[in-house]
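Below: one structure, written as structure tokens.
The values are calculated or read from the model by the stated rules, or taken from the named source; none is laboratory data. This one's a predicted model, so the numbers in the text were calculated from it and none came from an experiment. Here the Cβ is made from the backbone with ideal geometry for all residues, glycine too, and neighbour counts use every protein chain on show. Only protein heavy atoms, including side chains, enter the accessible area calculation; ligands, DNA and RNA are left aside. Shrake-Rupley method; radii C 1.70, N 1.55, O 1.52, S 1.80 Å.
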Amino acid sequence: MRSIAVIALNTFRENLRDKILYNLLLFALFLIGGSAILGRLTFIDHDKIMTDAGLAAINIVGVIIAIFVGIGLVNKEIERRTIYTIIARPIRRSEFLLGKYLGLVTTLGVNLSVMVAVYFAVLYLNHTPIYPSLLQAAQLIFIELLIVTATALLFSTFTTPSLSAMFTIGLYVVGHLSSDLRGLAVASTSEIMKTVTTGLYYVVPNLEMLNLKGQAAAGIPVALSYQAIATAYGLLYSCLLLAVACAVFERRDF
């Protein structure tokens, strides 16, 4: 555990020195602030536009950080040749991987907290109601980022950075279309198509289960039982991805 904590702390510090993260964070804050202007330019519900656009900005920037920083956690060490020094030490490869993951997750948590704080400040200054459901949506956005980060880390253990990004983005998109996959499987007359879509439905993460942005923008809360189930689902799926990533990384030849 000590090795994991040390690697996680070092990864967190490295991420804080990364200018890309600051640029993305500034971009997110710009989008959140811009949502107030966008809300005033529309003729429909001003408050709903602001809350919806702000949550979307937080989610999008979080996913971008999770994917493009996540795929570099392992590949960066390989390109620098520092991976050989690390694996030569009395540290298990799984500990190295988990430390990298926790370091990025900590970074995401800090960034998400900053974005949510600015988001609430913008809502308050524009006299827009701050619903408790917004906190529920933000919490599940973080759970979604855990899955996306674990996915990016898994692909980075056996593919190139470009392929890792493509696979992770593809899984993210399919994860938000999981209910459509189920409907397609039921409506399909082809047994092959039905088998493929049903398999994808059960294998890919159901990210739409973690999407409360529409409800939160309207001020509609979900039951705490649903929040707990969705959180447990996201944590279990992330653990499964990490277990597979560790198994692959332990067998990788450098």
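Annotations
- Cβ crowding within 10 Å averaged over residues, with 208-220, 113-125, 145-157 ranked highest first: 145-157, 208-220, 113-125
- Virtual spin-label span in nm between Met166 and Ile220, 7 Å along Cα→Cβ: 3.9
- Per-residue 3J(HN,Hα) values for the range 213-226, derived from phi via the Karplus relation 6.51 cos²θ - 1.76 cosθ + 1.60 with θ = phi - 60°, read 4, x, 5, 5, 5, 8, x, 9, x, 9, 5, 4, 5, 5 Hz in sequence order (x marks Gly and Pro).
- Here the Karplus curve 6.51 cos²θ - 1.76 cosθ + 1.60, taken at θ = phi - 60°, turns the phi angles of the range 70-77 into couplings of x, 6, x, 4, 8, 4, 5, 5 Hz, with x standing for Gly and Pro.
- Average accessible area per residue (Å²) across the range 212-254 - probe 1.4 Å, nucleic acids and ligands excluded: 55
- Taking a point 7 Å from the Cα of Ile91 along the Cα-to-Cβ direction, the residues of the range 227-254 with backbone N closer than 20 Å to it are 242-254.
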